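Presented below is the structure to which this report refers.
The values are calculated or read from the model by the stated rules, or taken from the named source; none is laboratory data. The shown structure was predicted, so the numbers you read here are calculated from the model rather than taken from an experiment. Heads up, the Cβs are rebuilt from the backbone with ideal geometry, glycines too, and the neighbour counts pull from every protein chain shown.
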Amino acid sequence: MNAPLALGAILLVAAATVLIGFHGLRISRTTSDFYVASRTVQPWWNASAIGGEYLSAASFLGVAGLVFLNGRDALWYPVGYTAGYLMLLLFVAAPLRRSGAYTVPDFAQARLGSLLARRLTSLIVVLVGCLYIVPQLHGAALTVSIMTGLPPWAGSGTVAVIVTLAVVAGGMRSMTFVQAFQFWLKLAALAVPTLFMVFSVQGLHPASAPLAVETTAASGALGTYQNVSLFLALLLGTLGLPHVLVRFYTNPDGPTARKTTVLVLGLLSMFYLLPVVLGYLARVYVPGIVTGTQPDAVVLLLPHALVPGPVGDLLTALVVAGAFAAFLSTTSGLVVSVAGVLSQDALGGGVKGFRWAAVLAMLVPFLVSVPTQSPALAGSVGQVFAFTASTLCPVLVLGIWWPRLSTAGAVAGMLAGGLGCGGAMVATAVLGAAAPVWVSQPAAWSVPLAFAVMIGVSWATPRSIPADAWRTLRRLHAPERR
Amino acid sequence: MTRVRVAAPTRQSRVISSGRPAPHGGRRASGEDDAAQVYLRSLLRSQLRLALVIALGFLLIAGLFSLVGWVPWLRGLSILGVPFAWILLGAGLFPVILLSAVLYTRQAQRNEERYRDLTEER
């Protein structure tokens, strides 16, 4: 492996990120700039930025790794990640934008008029953010240690420092530019090597017969349960991701929010074809490329395995650059949204509070990530999706569509879903591979549980239905005046 | 679905809410208030129905696509050496997602247009 080339690629991406971030510093001056880029971001910029933010380590490295490892069953990951945006468009995008709130807790407070609901939502957002940042840092640690031989913490440390600098300097406005740039970098960083590899395998003889790739890791009823549960988590989890939601507030109005989402779907569809092709190529042509313990390294090792020589080196450097863009963009998006919530709820708001909150939101996950490691990035991220699907998704969907949602119901539902799904996640971490499938993939029962409790308790507590529920719903659904 | 007529809470017009005012909030005669409420309910219902139909339609197609792996004569099918079931799941669902999104956006905009026509003529 060509370590200097990989290091150079990492430094280049880091430099570009910091430069664009500091460029944003000159134009972000107000609190509103920091939090939501003053709501003046156009659909194309915003769609690229959302794509840039959303395509994390799990998408860039994890999907191909799981396709390599598990075959056809893993195809539900890219499809689910994309279809989650369809659900976001259908149930959340335009009304959420019209709600006029900065963050998810703002929405909860505006809709339910309850400080308790607000605090609980804030807690969940901070928890989700941190849980989601950790696998990004694991991805960075893995990439740097494999590509350069440096200790793993050097990778996660680099990401932590750059993200802190960029976010503290520019807030959301500059992050929009950074992330839009990083989307196109990620797309190119997978597309170019994929094209090269597709051509280079034309003369190769498949190591395994194409039909052998059909076999799936799990089969029968358990396999079906696992797929359905995972798909449900990905579909509904996207709805609640704080760093995705915060982006919707940067659209000028409801119809623009919809337009942006359709554009994002196009961009994601384009991107997710690539890791599928890469995973397939690895599975068919180089089945021995990595041992089962680190499937996420497939994308990093594949270019050199299929295209030897200096071209392979260059392609590898490109992939490394793309991977780093993925760690940086998702992490910074998460840090912005977590810092937004932390500073408003605990540090008194304002630009100064935001900066301190950003430092905190980066430091804690970093400290957690150093002594731990993710067995498979897409898997760890899938669990975070299950958690948001069981907590923030029901409160958003019912809050937007159901006038009878009561404050008590919302709080009880979030608690039931959060404790159920969170408990299963802890149990999975403790039991490891011994965890039964209904524990390691909790979404299939924890999401219905959260919805059922929310609806049931709301029926039982009609007195805690907010008096202005219809007034709020009118604001969410009535189109803007021309 | 049965239609249940529920009058708007009378307190509603007195509640002072933060943020920008609703397009038709504020003070008006109770008859007009009722009409506005009916229009809003029907907008809400048509948007939700639309979203659910599109979501279920997509899930149905996704389910059908995933069944292909179990059909014996389709299992053996492959295009340029890539198994058909892989192409269907790994690439075929993305156009379905995009089409659903475009269809939804157009119809949702139309629903809002209708609501606007109903409420702004007054």
Identify the residue in the range A:299-337 that is assigned to a helix (DSSP H, G or I) and free of Cβ contacts under 8 Å to residues at least 60 places away in the same chain and, among all such residues, is nearest to A:Trp356 (Cα to Cα).
A:Gly312
Taking the condition buried (at least 18 other Cβ atoms within 10 Å of the Cβ), touching a residue at least 24 places away in the same chain (Cβ under 8 Å) and in contact with a Lys or Arg (Cβ under 9 Å, 6 or more places away or on another chain), does A:Asp296 pass?
no
Across the range B:70-107, the tally of residues that are at the interface with chain A (Cβ under 7 Å from one of its Cβ atoms) and either part of a loop (DSSP other than H, G, I, E, B) or modelled with pLDDT of 75 or more (or both) stands at 17
Within the range A:377-477, which helices (runs of 4 or more DSSP H) (wholly inside it) include 1 or more residues that are closer than 29 Å to B:Gln47 by Cα and within 22 Å of the chain's Cα centre (by Cα)?
A:377-401, A:407-431, A:443-460
Of these, B:Arg27, B:Arg11, which one is at pLDDT below 70, of a type in the set (Lys, Arg) and not in a loop (DSSP other than H, G, I, E, B)?
B:Arg11
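Conditions (1) within 30 Å of A:Leu315 (Cα to Cα); (2) surrounded by 24 or more Cβ atoms within 10 Å (Cβ to Cβ); (3) in contact (Cβ under 8 Å) with a residue 24 or more places away in the chain, marked per residue:
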{"site": "A:Phe60", "(1), (2), (3)": "yes, yes, yes"}
{"site": "A:Leu75", "(1), (2), (3)": "yes, yes, yes"}
{"site": "A:Ala93", "(1), (2), (3)": "no, yes, yes"}
{"site": "A:Tyr102", "(1), (2), (3)": "no, no, yes"}
{"site": "A:Ala108", "(1), (2), (3)": "no, yes, yes"}
{"site": "A:Arg118", "(1), (2), (3)": "no, no, yes"}
{"site": "A:Gln136", "(1), (2), (3)": "yes, yes, yes"}
{"site": "A:Leu150", "(1), (2), (3)": "yes, no, no"}
{"site": "A:Val168", "(1), (2), (3)": "no, no, yes"}
Tell me which residues, restricted to the range A:270-293, are of a type outside the set (A, V, I, L, M, F, W, C) and surrounded by fewer than 21 Cβ atoms within 10 Å (Cβ to Cβ).
A:Tyr285, A:Pro287, A:Gly288, A:Thr291, A:Gly292, A:Thr293
Restricting attention to the range A:258-275, does a residue exist that is more than 12 Å from every other protein chain (Cβ to nearest Cβ) and under 19 Å from A:Ala140 (Cα atoms)?
no
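Listed here are the residues, each with its yes/no results for (1) closer than 16 Å to A:Leu234 by Cα; (2) out of contact with any Gly (no Cβ under 9 Å at 6 or more places or on another chain); (3) surrounded by 22 or more Cβ atoms within 10 Å (Cβ to Cβ); (4) hydroxyl-bearing (Ser, Thr, Tyr).
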site: A:Val384; (1), (2), (3), (4): yes, no, yes, no
site: A:Cys393; (1), (2), (3), (4): yes, no, yes, no
site: A:Leu415; (1), (2), (3), (4): no, yes, no, no
site: A:Ser446; (1), (2), (3), (4): yes, no, yes, yes
site: A:Pro462; (1), (2), (3), (4): no, yes, no, no
site: A:Ala467; (1), (2), (3), (4): no, no, no, no
Return the residue satisfying two criteria in turn: it lies in the range B:39-69 and is exposed (fewer than 14 other Cβ atoms within 10 Å of the Cβ) and closer than 25 Å to A:Trp470 by Cβ, and of such residues it is farthest from the other protein chains (Cβ to nearest Cβ).
B:Arg49
Looking only at the range A:76-99, which residues are closer than 14 Å to B:Thr105 by Cβ and assigned to a loop (DSSP other than H, G, I, E, B)?
A:Val92
